[in-house]
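As structure tokens, the structure follows; a few thoughts come after it.
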Amino acid sequence: MTDTEAKKFYDSKAWQTKRIEILKRDRFECQDCRARIQKAVAEGKWLPEKEKKIARANQVHHIQELKEHPELALDNDNLISLCVRCHNIRHGRVPHKFKRKKKLASRERW
Ligand SMILES: [Zn+2]
Ligand SMILES: [Zn+2]
């Protein structure tokens, strides 16, 4: 799939409808935040209060990239609701804010 085709897809009515369907399915909760918290709880790890909150999802991500797998574009199993932060991480775009926060945390003394 080309960039133009991908853009067209994201503008399509079919995607707009599917997007809402997936967000509703995931109860507007970021699935990566949820998984991270669940994992920490399972491992008995301590999490700071603000890390315990599942961020509100407002993005729907294609697990198998749209351009590589256009046939999975509207496949429920290929779609996952994410918050902006987790979505950026999935695409390797680490926001500055997040980086700074990490640095700050490492300065904390135990
Ligand atoms: Zn998240
Ligand atoms: Zn994505």
Which one of Lys18, Lys67, Lys45 is of a type in the set (Lys, Arg), in contact (Cβ under 8 Å) with a residue 60 or more places away in the chain and in a loop (DSSP other than H, G, I, E, B)?
Lys67
Which members of the stretch 60-77 meet the condition of being more than 13 Å from Phe9 (Cβ to Cβ) and not acidic (Asp, Glu)?
His61, Ile63, Gln64, Asn76
Filtering the stretch 14-45 down to residues that are under 16 Å from the mean Cα position of the chain (by Cα) and on the phi > 0 side of the Ramachandran plot, which residue is surrounded by the fewest Cβ atoms within 10 Å (Cβ to Cβ)?
Arg27
Within the stretch 21-42, the count of residues that are in contact with a Ser or Thr (Cβ under 7 Å, 6 or more places away or on another chain) and in a helix (DSSP H, G or I) comes to 3
Of the residues that make up the stretch 72-81, is at least one open to solvent by less than 40 Å² (accessible area, probe 1.4 Å), within 11 Å of ligand 1 (Cβ to nearest atom) and not in a loop (DSSP other than H, G, I, E, B)?
yes
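The values are calculated or read from the model by the stated rules, or taken from the named source; none is laboratory data. This structure is a prediction, so every number in the text was calculated from the model and none was measured. Counting neighbours? That spans all protein chains shown, and the Cβs are built from the backbone with ideal geometry, glycine included. Just the protein is used for accessible areas: all its heavy atoms, side chains included, with ligands, DNA and RNA removed. Shrake-Rupley method; radii C 1.70, N 1.55, O 1.52, S 1.80 Å.
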